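The values are calculated or read from the model by the stated rules, or taken from the named source; none is laboratory data. These numbers were taken from a predicted model, which means no experiment stands behind them. Reconstructed Cβ throughout: ideal geometry from the backbone, glycine too, with neighbour counts over all protein chains shown. What goes into the accessible areas is simple: the full protein's heavy atoms, side chains included, and nothing from ligands, DNA or RNA. Shrake-Rupley method; radii C 1.70, N 1.55, O 1.52, S 1.80 Å.
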Amino acid sequence: MGGNYKIAVIPGDGIGPEIVGQTLRVLDQIADLYGHRFEYKELLAGGCAIDATGEPLPPATVAECQKSDAVLLGAVGGDRWDHLPGDLRPEMALLGLRGQLGLYANLRPAIMYQQLRDACPLKPAITGESINLLVVRELTGGIYFGPRGRRATADRGEEAFDTEVYSEAEVERIARMAFEIARGRQRRVTNVDKANVLESSRLWRAVVTRVAADYPDVALNHMYVDNAAMQLVRDPKQFDVIVTTNMFGDILSDEASMITGSIGMLPSASLGRGNFGLYEPVHGSAPDLAGQDRANPIATILSAAMMLRYSFGLTREADAIERAVERVLADGYRTGDIMSPGQTLVGTEKMGQLICGYIAQGA
Ligand code: IPM
Ligand code: MG
């Protein structure tokens, strides 16, 4: 017996609508083969929402997301809206969704696909057979959400400030998430902070260390963020799960995705309490590629696989999508961003169609 799932769909801006379009096609294929029903509700957020309603995250969008089992998002933003003041920029839609939906844990896998080995900027001696690490980024606290503002000073002109704040409760829940996930992987957690300078990091490290006592089967080590940035390129194989703050996670997850050479391939999940989650590709809205059938839909398709796995518990179905992606790459099909000599160049739509075909064959 298949299940019935309500999915809030936010195509967003730039290449968002195209990559989401192919992802829904893949989900429909899964629904057909495995007897599920996915009910989509298309919603506005980002630049297109600014154009239509004057605000990046209309309250109706948040309300509909809250009524859904999960959210699938393409990408938001673009140069067209870059002149707008901070609180009206498309990016505010992402921060608003994270905050208002309570999505405190951001899971960003960085995987080097063997088939895309040539795209990896690191030497084979450094990467070995594979890179497969997971950044678990705190997503609703820290400097992104702490008090900020501007004030006049008597003699130094205007002054601006942002504040890094973390409570024990906030650190504890993200640490638990990281340890739980590590149990399904290689059972290693690296905590990344700046405890040699920041008081918030000293509390963070103390809480992570305390939580670790409940997971004696998982190895924990600590690293300062500057060293972690260096170690990621020096010896990425040493990492399994990295747990870190909102801002450090923002920076390190971009670095981690780039060293795999497959940034156009990487999905992400943002989780809160229960099974609810928001799923989106790691890459952005790439306005220069929009509307040309050139974007790579794989990161969004793999985000949908994460949705099936984490929010709906549909492991077989998630596996089927991931296997189909590996097959399509093994057979040499590439979008422009991952193209190399001797492979077959395909567009966004063709890539979606091929993946659906492999799923049908594999079921
Ligand atoms: C990300 C992005 C966002 C962030 C921006 C667009 C607000 O860089 O999801 O990593 O900083 O979190
Ligand atoms: Mg970022």
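Among strands (runs of 3 or more DSSP E) entirely within segment 121-213, having at least 3 residues that are closer than 28 Å to Arg309 by Cα singles out 132-138, 188-193. If the condition is being open to solvent by less than 60 Å² (accessible area, probe 1.4 Å) and in a helix (DSSP H, G or I), then segment 323-354 contributes Ala324, Val325, Val328, Leu329, Gly336, Ile338, Thr348, Met351, Gly352, Leu354. The residues in segment 68-111 that are of a type in the set (Asp, Glu) and either without any contact (Cβ under 8 Å) to a residue 12 or more places away in the chain or buried (at least 20 other Cβ atoms within 10 Å of the Cβ) (or both) can be counted, and the count is 2. Cβ separations smaller than 8 Å between residues 6+ apart or across chains give the following pairs from segment 112-133 residues that are free of Cβ contacts under 8 Å to residues at least 12 places away in the same chain to residues that are of a type in the set (D, E, K, R): Pro124/Arg117.
Restricting attention to segment 240-270, the residues that are acidic (Asp, Glu), within 12 Å of ligand 1 (Cβ to nearest atom) and in contact with a Lys or Arg (Cβ under 8 Å, 6 or more places away or on another chain) add up to 1. When the residues of segment 250-262 are filtered to those that are within 11 Å of ligand 2 (Cβ to nearest atom) and open to solvent by 10 Å² or more (accessible area, probe 1.4 Å), which remaining residue is farthest from Arg98 (Cα to Cα)? Filtering first and then ranking leaves Glu255. Quick check on Glu64: is it under 26 Å from Ala305 (Cβ atoms) and more than 15 Å from the chain's Cα centre (by Cα)? Answer is yes for this residue. The residues on offer are Ala290, Ala228, Ala269, and the sole one that is open to solvent by 30 Å² or more (accessible area, probe 1.4 Å) and either among the hydrophobic types (A, V, I, L, M, F, W, C) or closer than 29 Å to Gly336 by Cβ (or both) is Ala290.
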